[in-house]
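Comments concern the structure below.
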Amino acid sequence: MIGLGFDDATKAARIAAYCREHAIERVFVLTGERALAPAVPEGVPCDVVPWTGIIKYVNYYRLLQEINRSCLVVVNECLRRQFRGDLTYNCIRMYLNQTPHALIFQHLPIIDTWDDFAILFDFETRSRWKRDKVTPELLREAIIEDVSPTITLSAQHVSVSAKTHAEYAKQRAELFAEARADVDKDPHNIPRALALVPGKDKSRATDPAKRYVARNQRLKLPHVETYRDITGDGARTVLELPHNFVDFADFLAVTRQSNVEIMVADTKADAWYWQRYVTWTERLHDAQASLRSR
């Protein structure tokens with residue numbers, strides 16, 4: 001079963017019910033980079049394998065020996081990469097092939113595009129269709145419960161100073177010159193760097209009574225967290241959007257918020273990130289609609 005959008009209490013309840021109904025003797029939890037492992041029933045032995053340990057030989061051969069048909073494998077928030085044939089995903093599939101019992105939990109059904117859902121579908125269906133695109137017809141082969149939130153974004157527009165605009169223009173010229181001199185440079189380095197320039201202007205527009213999230217701790221404000229260290233649910237205003245969608249998906253899974261306010265400076269880089277994420281939410285909504293209409 002694929003459970004989308006479940007909170008920790010619901011995950012624990014589903015695991016407990018599954019263990020009772022199928023006389024599960026042991027649980028193996030494979031858990032994502034930022035996720036907490038869901039609770040298992042008292043008295044049922046449980047092994048928790050973090051994301052970075054899934055692929056390690058010390059775990060790989062042990063799990064292949066120890067997972068059997070009386071075990072439940074829980075794949076918790078492991079949609080981390082977009083390549084369907086990723087080596088860590090291959091390890092997860094090998095573990096799942098040891099037992100008929102599996103629960104797959106993920107906050108959102110995609111990282112970026114609909115093709116990402118094929119990874120979760122492969123886990124649920126033991127890769128029987130791993131070379132096929134996931135179509136509405138094929139979706140009927142999986143048990144899917146989708147209560148994932150509808151994500152909406154709103155913009156808090158911030159006007160930056162003339163000094164900041166001048167610094168932005170200077171850095172933009174330097175970055176483009178570097179890109180022209182080295183065509184192998186990642187072009188996304190340009191918006192990544194330029195999005196940090198209005199940080200001080202945005203920080204002056206923050207409310208100390210509210211919580212915010214930024215890319216790093218350079219602003220040194222007590223009410224601003226980073227995407228890497230954020231813990232606990234509750235609303236945060238986004239001071240800077242992350243470049244990688246998976247970091248934003250992690251942020252939403254941790255905070256459990258669905259309506260997100262984004263600070264958008266009057267620079268082209270911020271406008272680009274804002275539009276990029278508006279389009280991302282549209283793809284997410286389309287994926288959710290496909291799952292709910294099957």
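The values are calculated or read from the model by the stated rules, or taken from the named source; none is laboratory data. The model shown is predicted, which means the values in this text are computed figures rather than measured ones. Here Cβ is always computed from backbone atoms with ideal geometry, including for glycine, and neighbour counts include all displayed protein chains. Side chains included, ligands, DNA and RNA excluded: accessible areas come from the protein's heavy atoms. Shrake-Rupley method; radii C 1.70, N 1.55, O 1.52, S 1.80 Å.
For this structure, a couple of remarks:
- The stretch 193-206, residues that are open to solvent by less than 70 Å² (accessible area, probe 1.4 Å) and either over 13 Å from A265 (Cα atoms) or not aliphatic (A, V, I, L, M) (or both): A193, P198, G199, D201, K202, S203, T206
- Meets criteria (of a type outside the set (S, T, N, Q), farther than 24 Å from F248 by Cβ and surrounded by 11 or more Cβ atoms within 10 Å (Cβ to Cβ)) for A179: yes
- Selection of first residues in the stretch 62-90 that are closer than 16 Å to V44 by Cβ and of second residues that are modelled with pLDDT of 95 or more and assigned to a helix (DSSP H, G or I), restricted to Cβ pairs under 7 Å at least 6 apart or on distinct chains, gives the following pairs, ordered by first then second residue: I67/Y95; L72/Y18; L72/C19; V73/Y95; V73/L96; V74/I15.
- Members of the stretch 277-294 that are closer than 15 Å to A142 by Cβ and of a type in the set (D, E, K, R): R292, R294
- Cβ-Cβ under 9 Å pairs, at least 6 apart or on other chains, the stretch 176-200 side over 14 Å from L239 (Cα atoms) and without any contact (Cβ under 8 Å) to a residue 24 or more places away in the chain, far side of a type in the set (V, I, T) and open to solvent by less than 50 Å² (accessible area, probe 1.4 Å): F176/I190; E178/I190; A179/I190
- Condition check for T99 on (1) out of contact with any Cys (no Cβ under 6 Å at 6 or more places or on another chain); (2) outside any helix (DSSP H, G or I): one failure, at (1).
- When the criteria are applied in full, F123 fails the requirement of being more than 23 Å from A17 (Cα to Cα) and open to solvent by less than 30 Å² (accessible area, probe 1.4 Å).
- Residue within the stretch 25-43 that is within 17 Å of the chain's Cα centre (by Cα) and open to solvent by 70 Å² or more (accessible area, probe 1.4 Å) present: yes
- Of all the criteria given as (1) in contact with a helix residue (DSSP H, G or I) (Cβ under 9 Å, 6 or more places away or on another chain); (2) under 29 Å from R140 (Cα atoms); (3) β-branched (V, I, T), the one not satisfied by T10 is (1).
- If you go through the stretch 67-87 and keep only what is among the aliphatic types (A, V, I, L, M) and out of contact with any Leu (no Cβ under 8 Å at 6 or more places or on another chain), you end up with I67, L87.
- Summed over the stretch 212-227, residues that are surrounded by 14 or more Cβ atoms within 10 Å (Cβ to Cβ) and either farther than 18 Å from A265 by Cβ or touching a Gly at 6+ places or on another chain (Cβ under 8 Å) (or both) total 6.
- Qualifying residue in the stretch 235-245 (condition: in a helix (DSSP H, G or I), of a type outside the set (D, E), within 15 Å of the chain's Cα centre (by Cα) and surrounded by 14 or more Cβ atoms within 10 Å (Cβ to Cβ)): yes
- Set side by side, the residues T255, T231 differ, and just one is among the β-branched types (V, I, T), surrounded by fewer than 18 Cβ atoms within 10 Å (Cβ to Cβ) and under 26 Å from Q82 (Cα atoms), which is T231.
Here's the yes/no breakdown for (1) among the acidic types (D, E); (2) closer than 16 Å to A249 by Cβ; (3) in contact with a Lys or Arg (Cβ under 8 Å, 6 or more places away or on another chain):
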{"position": "L87", "(1), (2), (3)": "no, no, no"}
{"position": "N90", "(1), (2), (3)": "no, no, no"}
{"position": "N97", "(1), (2), (3)": "no, no, yes"}
{"position": "P100", "(1), (2), (3)": "no, no, yes"}
{"position": "F105", "(1), (2), (3)": "no, yes, yes"}
{"position": "L108", "(1), (2), (3)": "no, yes, no"}
{"position": "W114", "(1), (2), (3)": "no, yes, yes"}
{"position": "D122", "(1), (2), (3)": "yes, no, yes"}
{"position": "T125", "(1), (2), (3)": "no, no, no"}
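- Filter result for the condition that a residue is β-branched (V, I, T) and under 28 Å from F251 (Cβ atoms), over I54, I67: I54
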